Amino acid sequence: MRTNNILGIVFANVNDNLLPNLTKKRSMASVPFAGRYRLVDFTLSNLTNAGISQVGIITKENYQSLMDHIGSGREWDLDRKSGGLFILPPFVSGGIGDGVYKTHLEALKSIINFLKRAKQDYVAICDSDLVANLDIGEMFRQHIEDEADFTIAYKYGKLPKNHERTMVVSVSDNRRIEKIEYVKERTNADYSLDILLTRRLFLIDLIEKAVAEGKNSLSRDILALSLDKYKVMGYKIEGFAEVIDTPKTYYDLNMKMLDSKVRKQLFSCERPIYTKTHDSMPAKYCIGSNVTNSLIADGCVIEGTVKNSILFRNVTVKKGAVVENSIIMQNADIEENAKVSYAVMDKVSTVAKHCVLEGTKQKIALLEKGETQK
């Protein structure tokens, strides 16, 4: 089901603290993924594949990288005279509080005027730390069929590692959410993917009432306490959908992209995942190079050995160097006879000649943006 009657709202920074080393100079939304994408690409593609033509991205800090990536929104068909893509400032203003937001509800307070000016009848609210290819149009169809006040996307599985922040839902046979809780143990359960559908004017009214009552959490202070008052429904996600909430989770999800079955689930021809395109030369594999089970982006120059790894654009692996089980981001260099294993190298980082950057399956080594391992 395609519709232009939904306003998309995306949180760019809410969970930055969960990947502290990768978000020092960028937002969660602009963290690189799978050799050519940014995390926000999945959320924006899910929205625009459903026909949503107006999207606001709520920023907080370190969002220059995000702005450079999304630009005018052309890749997602959001460079429009009517609607399109909006970068929303991080400061709460207009008599509803002061300073930079800390929670989803405070972030929504900060854009109350944007919500009031919008023309759409419905709002889809999403985080940008979810790697998934979702049918938002089908979720909206169910929302209308159920005559719901809220519809929450959820999945069944092992709770994310940061599970104490995750909303666990109890869903009845008729899809109604009967209980929302936060559990202390990491277990298998139905849990929210932080995608929410509701009516725009209804949401504005709730935000203004919450401000007047001093509330600050959308999930804990409104949803969890209003299940008897409002019709809150669940929309179950069956396919590949994973939340990134720790550096190890980030590494593991990238490594899953080496599995062709996972890639087919995530990168569907029916609902493409769009990203910013670059005009780079093809990857160059020099005589004597050895590459197995890896994703290699355009512009890479491989003289050494690469195994079970993901290389972003313009990575150089010099003669005698070995890269194994690692993620190497844009413009990084592995110099002659260096070794990189179980590691994440951020952009423009370097492992010098004969040096080693080595982690383990349990503890991944990380080289920050611009750093050199000597």
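The values are calculated or read from the model by the stated rules, or taken from the named source; none is laboratory data. None of these values were measured; they are calculated from a predicted model. With ligands, DNA and RNA removed, areas are computed over all heavy atoms of the protein, side chains included. Shrake-Rupley method; radii C 1.70, N 1.55, O 1.52, S 1.80 Å.
Counting only protein heavy atoms, what percent of the accessible surface of the chain is carbon or sulfur at a 1.4 Å probe?
Accessible surface attributable to carbon and sulfur in the chain totals 44 percent.
Measuring with a 1.4 Å probe in the full set of protein chains, what accessible area per residue, in whole Å², belongs to the stretch 203-263?
With all protein chains present, the stretch 203-263 gives 46 Å² per residue.
log₁₀ I(q)/I(0) of the stretch 306-374 at q = 0.15, 0.18 Å⁻¹, via Debye over equal Cα point scatterers, no solvent, to two decimals?
-0.35, -0.51
If contacts are Cα pairs under 8 angstrom and at least 6 residues apart, what is the relative contact order of the chain in percent?
This gives 14 percent for the chain.
Rolling a 1.4 angstrom probe over the protein heavy atoms, how many square angstrom per residue are accessible across the stretch 289-344?
32 Å²
Give the whole-number value, in cubic angstrom per residue, of the convex hull volume spanned by the C-alpha atoms of the stretch 201-300.
Value for the stretch 201-300: 215 Å³ per residue.
State, as an integer percentage, the relative contact order of the stretch 303-374 based on alpha-carbon contacts under 8 Å between residues 6 or more apart.
Value for the stretch 303-374: 24 percent.
Given the chain, what percent of its DSSP beta bridges are antiparallel, to the nearest 5?
Counting only bridges with both partners in the chain, antiparallel ones make up about 35 percent.
Would you calculate the convex hull of the Cα atoms in the stretch 1-96 and tell me its volume per residue in Å³?
That works out to 123 Å³ per residue.
Report D for the chain in µm² per second (integer): Stokes-Einstein, Kirkwood Rh on Cα pairs, 10 °C, 1.306 mPa s.
Result for D is 73 µm²/s.
For E208, what accessible area in Å² do you get when you roll a 1.4 Å probe over the heavy atoms of the protein chains, rounding to the nearest 10?
Around 80 Å² of this residue is reachable by solvent.
Taking a threshold of 18 Å on the Cα-Cα distance, which of the pairs K161/K236; K25/K256; K256/K361; K109/K184 fall above it?
Among K161/K236; K25/K256; K256/K361; K109/K184, the Cα-Cα distance tops 18 Å for K161/K236; K25/K256; K109/K184.
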